[in-house]
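Remarks on the structure that follows.
The values are calculated or read from the model by the stated rules, or taken from the named source; none is laboratory data. Keep in mind that what you see is a predicted model, and the values were worked out from it rather than measured. Cβ atoms come from the backbone with ideal geometry, glycine included; neighbour counts cover every protein chain shown.
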4 protein chains.
Amino acid sequence: MRIGVLTAGGDCPGLNAVIRSVVHRAVTHYGDEVIGFEDGYAGLLEGRYRTLDLNAVSGILARGGTILGSSRLERARFRAACDNAKELIEKSGFDALIPIGGEGTLTAARMLSEAGVPVVGVPKTIDNDISATDRTFGFDTAVGVATEAMDRLKTTAESHQRVMVVEVMGRHAGWIALESGMAAGAHGICLPERPFDPADLVKMVEERFARGKKFAVICVAEGAHPAEGTMDYGKGEIDQFGHERFQGIGTALAYELERRLGKEARPVILGHVQRGGTPTAYDRVLATRFGWQAVEAVHRGDFGRMTSLRGTHVDMVPLAEAITKLKTVPEDRMREAESVF
Amino acid sequence: MRIGVLTAGGDCPGLNAVIRSVVHRAVTHYGDEVIGFEDGYAGLLEGRYRTLDLNAVSGILARGGTILGSSRLERARFRAACDNAKELIEKSGFDALIPIGGEGTLTAARMLSEAGVPVVGVPKTIDNDISATDRTFGFDTAVGVATEAMDRLKTTAESHQRVMVVEVMGRHAGWIALESGMAAGAHGICLPERPFDPADLVKMVEERFARGKKFAVICVAEGAHPAEGTMDYGKGEIDQFGHERFQGIGTALAYELERRLGKEARPVILGHVQRGGTPTAYDRVLATRFGWQAVEAVHRGDFGRMTSLRGTHVDMVPLAEAITKLKTVPEDRMREAESVF
Amino acid sequence: MRIGVLTAGGDCPGLNAVIRSVVHRAVTHYGDEVIGFEDGYAGLLEGRYRTLDLNAVSGILARGGTILGSSRLERARFRAACDNAKELIEKSGFDALIPIGGEGTLTAARMLSEAGVPVVGVPKTIDNDISATDRTFGFDTAVGVATEAMDRLKTTAESHQRVMVVEVMGRHAGWIALESGMAAGAHGICLPERPFDPADLVKMVEERFARGKKFAVICVAEGAHPAEGTMDYGKGEIDQFGHERFQGIGTALAYELERRLGKEARPVILGHVQRGGTPTAYDRVLATRFGWQAVEAVHRGDFGRMTSLRGTHVDMVPLAEAITKLKTVPEDRMREAESVF
Amino acid sequence: MRIGVLTAGGDCPGLNAVIRSVVHRAVTHYGDEVIGFEDGYAGLLEGRYRTLDLNAVSGILARGGTILGSSRLERARFRAACDNAKELIEKSGFDALIPIGGEGTLTAARMLSEAGVPVVGVPKTIDNDISATDRTFGFDTAVGVATEAMDRLKTTAESHQRVMVVEVMGRHAGWIALESGMAAGAHGICLPERPFDPADLVKMVEERFARGKKFAVICVAEGAHPAEGTMDYGKGEIDQFGHERFQGIGTALAYELERRLGKEARPVILGHVQRGGTPTAYDRVLATRFGWQAVEAVHRGDFGRMTSLRGTHVDMVPLAEAITKLKTVPEDRMREAESVF
């Protein structure tokens, strides 16, 4: 068989591990040819690809990024291509396509599938917010990076009697904030799932100071937001070039706490550091297993589905299931986290 | 309530995170008193304990080891104590006991439970070989340490055209070897579950050299062993003090390969480094959740059971279930790993 | 003897290692008593201190922060105290004082010394900008943290064809930017010592893209600034609370490059993560040697001086020498760095 | 000019950083051609080399090992080649040669130099035992790896009341043991420079246990040895294949201590993990500076010398100076280390 593979969407540690695993399984075990489309769906639409043999994937397991490149999907152009899926397949001559990506990528994968392209998806998001799988690769690495940063910040906060507000990734779901906050022993966690009241944080900090613990670390997901009426937030500012710039929640909250507490509060925005670099062992294993399973699915003809971790097993679930509902942090997980603040 | 907690058996990153979580949940939420028995069951039998308040567990989340100490169980003495469990409870005056430990500890916990002591167990093993839970804390850290070591060894092996045999922990189950081997891209993995033939490894190395890949890393669980008749192994040697010393499988295999291949092969025995030090974020979260759940179970009166990860949920399972069957690496996981050699 | 020790100024990995070393050498070898003043000079002025024995410094070697706390110096109050140094000494009854800190701390130390207090200083700055010593502890850790962050960002930048502007610490001297930029293979480095022209960066990025290297990482010291007339920078903006907020150079430069290049450019501000957490081995060794030497100096009566690394030796230099001139990055070091862009 | 470069001897983190730096400086600044000989001097003798342009060294800065490979020097063959140095140069047509390596490599470099080959050496040893330079790259990484391992082992030793004997690299000089032992807070350090008496270690451990510190970590250089008459050591044992195998000092000492103390003592042999993998920021910077300086020396015609770190400067010293005397740990450094046991 001739199997196409592509990576789309934002960076995520483990992408190369999936590619490598797909190539190893397909080439060594099945004698397939694997072609890699460049820059995500753009390479598919434009017929830009290269053959991936064992040498092409040598040494990439532990490397961040993606050797295939990625790019944003241009929806209109993509839809047009779907309308003529047959031609799309003929252009590159593949028998199955394995797109690796997040919600947008998988939605596109579903469209391709419905247009008749034999597709097996591999879910990817550092945010861990795809409901059809227990975990996604990249998440563990992101949590690890955020935890290590907070481990460092805690000693500084403690020695210098400061409040640190650490903004981590998570626009719609707060998994990274939840788990890195728990792992680092943060004293407050703010998630997109539950609007927060800065007054609660003020109270927590004041109680800590009263107990002699003269510092606090608060972990905030970038998509967290204050409950209505509790804090002025979200109005843009005009920068020096006349552009409207919005202050992130981490910065806004640090300023708000400093104002209310009369104590130093500093924002730290971790940003893209969470997305890059060498994946943890956990993510490398999960990514490798997803790649293996995707090739198996191709050879079983199990199309229109994606790989999924369920407990200790890697199974297949319908693409439709993956993209209909965001997996958000449930209340009981939040209660667990609160118990160790 | 007055809740006793103890840690027993070998070291495992995350023990302190469980203790901290138990204390936070019990003290802050339920107003319990928590007492920590020193040096495992020894402290229970001898009435050696101290009260654990929030201050006592401050700053221990990320620390390896256990603030309570540990020790080996003296079975005869323990059995005698079980026969008079009532007295045992009265000595320290606790309402529930949370022992944190591996197979031996949980077997003892079951004996206590059957003797009438209200027990909630928390499983602990870096080997991940307890069948009643998807994962145990400590395992992720051990895999991470082993993976990082192999990442380092690979560059050396490659530059200097060498075969490296890396022995990792895992006496009865090969989970650490499997996952760290996969994560590091080892070219061979030997597990206790499946006797290996050194001839297969020789063949693999020779094929690699023929392809121009003039190095190989082989990951061996300490409990792996050669198939009968394939290699001389397991006879002790007499050391300078007249003691019989057994060569570990890593060392023996490296020598065997060097002899057969006529190429340099070096053993690296990772040893206790895998058991100590700061836990990964994954292990801190899992350990914290187990501690939380254990306290909940105590307050539900859910005794004779232990905490368990099932998919994304932490549940309770009977202690009996936990200790009857070792969780070994199944054949399909081994096949996945082989596909990326 | 009775030796006082204090830590002042911003956080710096290695502070605890100095304290531990002072206590070990003084107590074990000389039988001294060591007292630790709390919260920097504030504890000295207010007579707040505690005795530090071997137990008090057990386990702190690898910990970030300072067990003694720190605080900002109130200059007026400090000057008044200096005027009556005799009383100051009598209040706590010490025979020598070892202040550990940066330029401000050492300037204060010199004032104390001139007022008759027997002082031995230990220099501390993550910025490495004290001219009287080859290196200061904390710097290696800061460089390591910044390098690791850029290692991660590079893979993301490369896969997603982006320009990353990473702002690191260094208000007056660019050592952290220089060394972390070199270590991470940054494609541009901006230092306070040399105003930069954004046009040069634009040219570098465009040349890279032309060569098919469709990404770039630029490392900017927080104190770097554009050459006059090259870029609009440094005007404050009014935030939502009516405060004037200044955009950091990292953010401003990323926006400027995005505007000029018409390509995505993202700022990452590493911030306080560089100041905290466990010190590198290098910093632990240097800090330990400084502590040892400080105690030796006390017993030699070698006051009014501070510890200093010169090549492989730790010597003493006059406090005056330490604080008169900032150690900035010389041109030839910058040329070395440029050669590998 | 046409500049040859080669790497020889054991692995050392930073080799690739030197190669990259040489290529960048020579190609970009001087418009030179750089050729890389494969597998050390073997490639030179056999005329096996390839051109190294900017692309060839892209992405190798942070990678362990050496892209050029390495091999052991065959002395007789090398000497013969030196006798006809002119021919050797003509074969590959280079104007200058930059060999990167340890004592053996630099001795060979000197022979080449005396035979008329224009040579600029770059010293390399993780052992840091070359007297003509303050530090060598690779050493900081090795110390970091050993320190991190001991950080982990300490928590295990403490929780389980054990003595750990950690064997680190250093056959003739104890720098790695000295600095990693200090950095990790080891309770005993054994160096090749000073024969030790196991009775001293027994006493130290017993005093610790008496003080309630029921564990100890002892850091031993592989080249350390007991003082005469203090311990049976160094006799080989006959292994299963009839070969004589010598027990390393780490293993021998652990057994000896266990026997004398009647307490568990375990050896951990770190081995090749110290030699491989990504270099620390410190080593990347030093390696890059050495590469830069080597190219400068070539263009100044400054042959027969090698790069050297002196304080904060990189200078050139005669090759002869580099190889005449081993840089061993002086007594005063050992005394510093002992003060914090």
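One line per residue, one yes/no per condition, for (1) on the phi < 0 side of the Ramachandran plot; (2) assigned to a loop (DSSP other than H, G, I, E, B); (3) touching a residue at least 40 places away in the same chain (Cβ under 8 Å):
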position	(1), (2), (3)
C:THR278	yes, yes, yes
C:ASP283	yes, no, yes
C:ALA287	yes, no, yes
C:GLY291	yes, no, yes
C:ALA294	yes, no, yes
C:ALA297	yes, no, yes
C:SER308	yes, no, yes
C:ASP315	yes, no, no
C:ALA320	yes, no, yes
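Taking the conditions (1) in the same structural domain as B:GLY40 (by the TED database); (2) under 30 Å from D:GLY144 (Cβ atoms); (3) free of Cβ contacts under 8 Å to residues at least 12 places away in the same chain in turn, B:ASP127 satisfies each one other than (3). Taking first residues from segment D:224-253 that are at pLDDT below 65 and partners that are polar (S, T, N, Q), the Cβ contacts under 7 Å between residues at least 6 apart in sequence or on separate chains come to D:GLU237/D:GLN247.
Based on what the data block shows, is C:ASP302 surrounded by fewer than 19 Cβ atoms within 10 Å (Cβ to Cβ) and either on the phi > 0 side of the Ramachandran plot or within 14 Å of chain D (Cβ to nearest Cβ) (or both)? Considered against the rule, which asks whether it is surrounded by fewer than 19 Cβ atoms within 10 Å (Cβ to Cβ) and either on the phi > 0 side of the Ramachandran plot or within 14 Å of chain D (Cβ to nearest Cβ) (or both), C:ASP302 comes out as no. Can you work out which of the residues in segment D:84-124 that are small (Gly, Ala, Ser) and free of Cβ contacts under 8 Å to residues at least 40 places away in the same chain is nearest to D:LYS325 (Cα to Cα)? Going through the qualifying residues, I end up with D:ALA115. Criterion applied to D:ILE19, D:ILE89, D:ILE35 was being assigned to a strand (DSSP E or B) and either at pLDDT 95 or above or more than 30 Å from B:GLU148 (Cβ to Cβ) (or both), and the one residue passing it is D:ILE35. Taking helices (runs of 4 or more DSSP H) as the structural unit, those lying wholly within segment B:98-217 and holding at least 2 residues that are closer than 30 Å to B:ARG79 by Cβ, in contact with a Gly (Cβ under 7 Å, 6 or more places away or on another chain) and away from chain D (no Cβ under 14 Å) correspond to B:103-114.
Only one entry of C:ASP95, C:ASP53 meets the criterion of being within 30 Å of D:ARG208 (Cα to Cα) and charged (D, E, K, R), and that entry is C:ASP53.
Condition check: out of contact with any Asp or Glu (no Cβ under 7 Å at 6 or more places or on another chain), surrounded by 18 or more Cβ atoms within 10 Å (Cβ to Cβ) and within 26 Å of D:ALA186 (Cα to Cα). Does C:SER113 satisfy that? Judged against the criteria, C:SER113 is not a match. Just one of the listed residues (C:ARG335, C:ARG266) is surrounded by fewer than 24 Cβ atoms within 10 Å (Cβ to Cβ), basic (Lys, Arg) and within 14 Å of chain A (Cβ to nearest Cβ), namely C:ARG266. When A:LYS325 is tested against (1) surrounded by 15 or more Cβ atoms within 10 Å (Cβ to Cβ); (2) modelled with pLDDT under 90; (3) more than 14 Å from chain C (Cβ to nearest Cβ), only condition (1) is not met.
For D:THR312, state whether it is more than 27 Å from C:TYR282 (Cβ to Cβ), among the hydroxyl-bearing types (Ser, Thr, Tyr) and surrounded by fewer than 24 Cβ atoms within 10 Å (Cβ to Cβ). No: the conditions fail for D:THR312.
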